[in-house]
Amino acid sequence: MRAIQMARPEPGAAVYVEDLPVPTPGEGEVRVRIARAAICGTDRHIFHWDPSVAPMLSPPVVIGHEFCGHIDALGPGVEGWQEGDYVSAEMHLVCGRCRACRSGNRHVCEHTRIAGLHRDGAFAEYVVVPAANLVRLDPAVVPPHIGAFLDALGNAVHTVQAASSIAGRHVLLSGYGAIGAMAAAVVEFEGAASLTITEVAPGHLERARAWAAARADSATPIRVLDPGRGGLVEEVRATTDGGVDVVLEMSGAPAAINSGLELLYPAGEMVLLGIPSRPDLLVEDFSRRIIFKGLTLRGVVGRRMFATWEEMLGLLARGLDLEHIVTHRLPLRDFHRGVALLDAAEAHKVVLDPAQTD
Ligand SMILES: [Zn+2]
Ligand SMILES: [Zn+2]
């Protein structure tokens, strides 16, 4: 079968192959014929052999973890699923036995393994996944080019969901990459009092402004600001009655985290999904910004299994529009072009089609 395989443990060693054997599902597993897959920031980090992900991979391994498709084979002992079922899957494989799993927090399992990193993933014609990880999709609600990136939408929905509420509150979202763009759409859909988006990359800024313009008649006023141009704090305070109630931090940029803390109104909340590039982070004016304002800070990773999946499928069924997130559709073998587009911040979601060969 066709696949994108990280062939060697070194930067840029992802290769397009056409002769991999089709995998066989084991006990409790199913094989899915992939309809569409999507490139994620993690795939870029793998491709560049970034130290943040490299230790998790033992090449050769098929990468990719965002996909949808149809079941085409059942392993022994699988019940409740049939060939032809339209599905996606949670690719975080958890132990079910650790204290996190047993207390209902499987998204932070101590022993998480990720398909597409620790074992073969979805940039291929077929992928094998545990049946317990499948999520059934309604083709009338989730077309394949959207079903391709539910994993990432789940990060966005989980981040928004981690705030105590959104409706009627002033929200600041820092970082308009693909997940930030999806979170922005959810915030608007949920009826925030206002949404302020900050972004520094020119391509992402342009897409944020285009989306805000397209949503000009929304009940939620949407402002897009480039913090590099100065005056951010004054402008946001003036338009949010003194400060925002919720910050969704999607960038991992220390400057964005610090200005988000500064811009939060007392008793506000910051939800942090963006990962700083360095292990340490300096919070300036810590006592005044966090303690004396009585803020709540919460980190978010992965998707709640499977509450976040239920929530995002509900949002899509109610009409959440994500068409603008898909900026490129390429055949699987053009993976490298997709990574280059993402590296240059010229794309949001690059959707790959393994069946397209020309
Ligand atoms: Zn991903
Ligand atoms: Zn566990």
Residue set Ile290, Ile325; condition over 25 Å from Phe123 (Cα atoms), at pLDDT 95 or above and open to solvent by less than 40 Å² (accessible area, probe 1.4 Å); output residue Ile290
Taking the range 293-314 and keeping residues closer than 28 Å to Gly243 by Cα and either open to solvent by less than 20 Å² (accessible area, probe 1.4 Å) or among the charged types (D, E, K, R) (or both) leaves Lys293, Arg298, Val300
Going through Val224, Val236, Val246 one at a time, which residue ends up being open to solvent by 10 Å² or more (accessible area, probe 1.4 Å), farther than 23 Å from Arg318 by Cα and modelled with pLDDT of 95 or more? Val224
Which of (1) in a helix (DSSP H, G or I); (2) modelled with pLDDT of 95 or more does Pro55 not meet, given it meets every other one? (2)
Is it true that some residue in the range 120-132 is within 16 Å of ligand 2 (Cβ to nearest atom), out of contact with any helix residue (DSSP H, G or I) (no Cβ under 7 Å at 6 or more places or on another chain) and in contact (Cβ under 8 Å) with a residue 24 or more places away in the chain? yes
Filtering the range 102-118 down to residues that are within 10 Å of ligand 2 (Cβ to nearest atom) and either among the acidic types (Asp, Glu) or in contact with an Asp or Glu (Cβ under 8 Å, 6 or more places away or on another chain) (or both) yields Glu110
Go through the range 115-162 and give me each residue that's in contact with a strand residue (DSSP E or B) (Cβ under 9 Å, 6 or more places away or on another chain), of a type in the set (A, V, I, L, M, F, W, C) and farther than 20 Å from Phe306 by Cβ. Leu117, Phe123, Ala124
Of everything in the range 337-355, what is open to solvent by 70 Å² or more (accessible area, probe 1.4 Å) and farther than 20 Å from Glu206 by Cα? Give them in sequence order. Arg337, Ala355
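To keep it simple, each residue is scored yes or no on (1) under 22 Å from Val22 (Cα atoms); (2) in contact with a Cys (Cβ under 7 Å, 6 or more places away or on another chain); (3) within 16 Å of ligand 1 (Cβ to nearest atom).
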site	(1), (2), (3)
Ala122	yes, no, yes
Val128	yes, no, no
Leu134	yes, no, no
Asp138	no, no, no
Leu153	no, no, yes
Mind listing whichever residues of the range 268-287 are open to solvent by 70 Å² or more (accessible area, probe 1.4 Å) and either polar (S, T, N, Q) or closer than 19 Å to Ser194 by Cα (or both)? Ser277
Among the residues of the range 35-52, is any within 14 Å of ligand 1 (Cβ to nearest atom), of a type in the set (Ser, Thr, Tyr), under 25 Å from Ala178 (Cβ atoms) and open to solvent by 30 Å² or more (accessible area, probe 1.4 Å)? yes
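The values are calculated or read from the model by the stated rules, or taken from the named source; none is laboratory data. The structure presented is a predicted model; accordingly, all values stated were derived computationally and were not measured. Neighbour counts run over all protein chains shown; Cβ positions are idealised from the backbone, glycine included. All accessible areas refer to the heavy atoms of the entire protein, side chains included, with ligands and DNA or RNA removed. Shrake-Rupley method; radii C 1.70, N 1.55, O 1.52, S 1.80 Å.
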